[in-house]
Ligand code: SF4
């Protein structure tokens, strides 16, 4: 019996929206004003709620010129704005400078997801976020991109730190997936009926996701029609 370790029953934590007592978050060095880069409503909703519950002065910065086409960009943005309105959180609708995005990612069209093109894409979004923060009195930036299990958090954090350094703005690399963040993100998305995008965002991710689907005998993505709860709005547009 000497090698057998005692197995202790771990208490089950209920992370549901109704029952979980959320511990208050604090910024790394008690920074007061946070500029939170947002990629979309499903990823950002739970983080926004965490910030509001922690009394952290947060402004949402929607800067995603990677999202293609513009109808998809507008839909993701509107969903995020709707939730920011609901929480009374300031929302900055930044540029959609897709020409610059295409310029920067030239030669990386065939990179896989999580490859070099994604680092370029994160760098561009974080550079603009950090620049805006430094010019507008924010103390720290962060991003909700890392809450998605499809993303490489180390890649995102490295990009955030690298891109914000020239502006002397710290990047908060908090792991939003922890403490039930991932499951709460899903629950909140269902509760709010957020739009459920089916590809990362850029034209290349749309292409590759469709190729992957077709290779498995599945239909291509129908943009604008899938929501986390019952489909409530049909903005049907096939690719
Ligand atoms: S796959 Fe996603 S993160 Fe990577 S370049 Fe495209 S939009 Fe950006």
Mind checking whether some residue in region 51-59 is on the phi > 0 side of the Ramachandran plot and more than 11 Å from the chain's Cα centre (by Cα)?
yes
Subset of region 170-221 (residues that are within 28 Å of residue 110 (Cα to Cα), in a helix (DSSP H, G or I) and within 16 Å of the chain's Cα centre (by Cα)):
205
Would you mind telling me which numbered condition in (1) within 15 Å of the chain's Cα centre (by Cα); (2) modelled with pLDDT of 95 or more; (3) within 16 Å of the ligand (Cβ to nearest atom); (4) surrounded by 14 or more Cβ atoms within 10 Å (Cβ to Cβ) residue 141 fails?
(3)
Residue 214 fails exactly one of the following numbered conditions: (1) more than 26 Å from residue 98 (Cα to Cα); (2) touching a residue at least 40 places away in the same chain (Cβ under 8 Å). What is the number of that condition?
(2)
Quick one: in region 71-128, of everything that is near the ligand (Cβ under 9 Å from one of its atoms) and touching a strand residue (DSSP E or B) at 6+ places or on another chain (Cβ under 9 Å), which residue is nearest to residue 38 (Cα to Cα)?
125
Could you tell me which numbered condition residue 149 fails, if it satisfies all but one of (1) under 30 Å from residue 71 (Cβ atoms); (2) crowded, with 16+ Cβ neighbours inside 10 Å; (3) within 16 Å of the ligand (Cβ to nearest atom)?
(2)
A careful count of residues in region 50-74 that are under 20 Å from residue 153 (Cβ atoms) and assigned to a helix (DSSP H, G or I) gives 2
Are there any pairs with C-beta distances below 9 angstrom linking a residue in region 104-124 that is farther than 17 Å from residue 145 by Cβ to a residue that is more than 7 Å from the ligand (Cβ to nearest atom) and in a loop (DSSP other than H, G, I, E, B), with the two at least 6 apart or on different chains, and if so which?
108/115
Yes or no: region 152-167 includes at least one residue that is under 25 Å from residue 92 (Cβ atoms) and either in contact (Cβ under 8 Å) with a residue 60 or more places away in the chain or not in a helix (DSSP H, G or I) (or both).
no
Here is a list: 179, 220, 131, 226. Which entry is more than 16 Å from the ligand (Cβ to nearest atom), farther than 23 Å from residue 90 by Cα and out of contact with any strand residue (DSSP E or B) (no Cβ under 9 Å at 6 or more places or on another chain)?
179
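Residue by residue, here is whether (1) at pLDDT below 95; (2) surrounded by 23 or more Cβ atoms within 10 Å (Cβ to Cβ) holds:
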position: 29; (1), (2): no, no
position: 54; (1), (2): yes, no
position: 64; (1), (2): no, yes
position: 85; (1), (2): no, no
position: 100; (1), (2): no, no
position: 106; (1), (2): no, no
Search result, residues across region 71-85 that are touching a residue at least 12 places away in the same chain (Cβ under 8 Å) and out of contact with any helix residue (DSSP H, G or I) (no Cβ under 8 Å at 6 or more places or on another chain):
71, 72, 73, 75, 77, 81
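The values are calculated or read from the model by the stated rules, or taken from the named source; none is laboratory data. What you see is a predicted model, and the numbers here were worked out from it, not measured in a lab. Ideal geometry is used to build each Cβ from the backbone, glycine not excepted, and the neighbour counts take in all protein chains shown.
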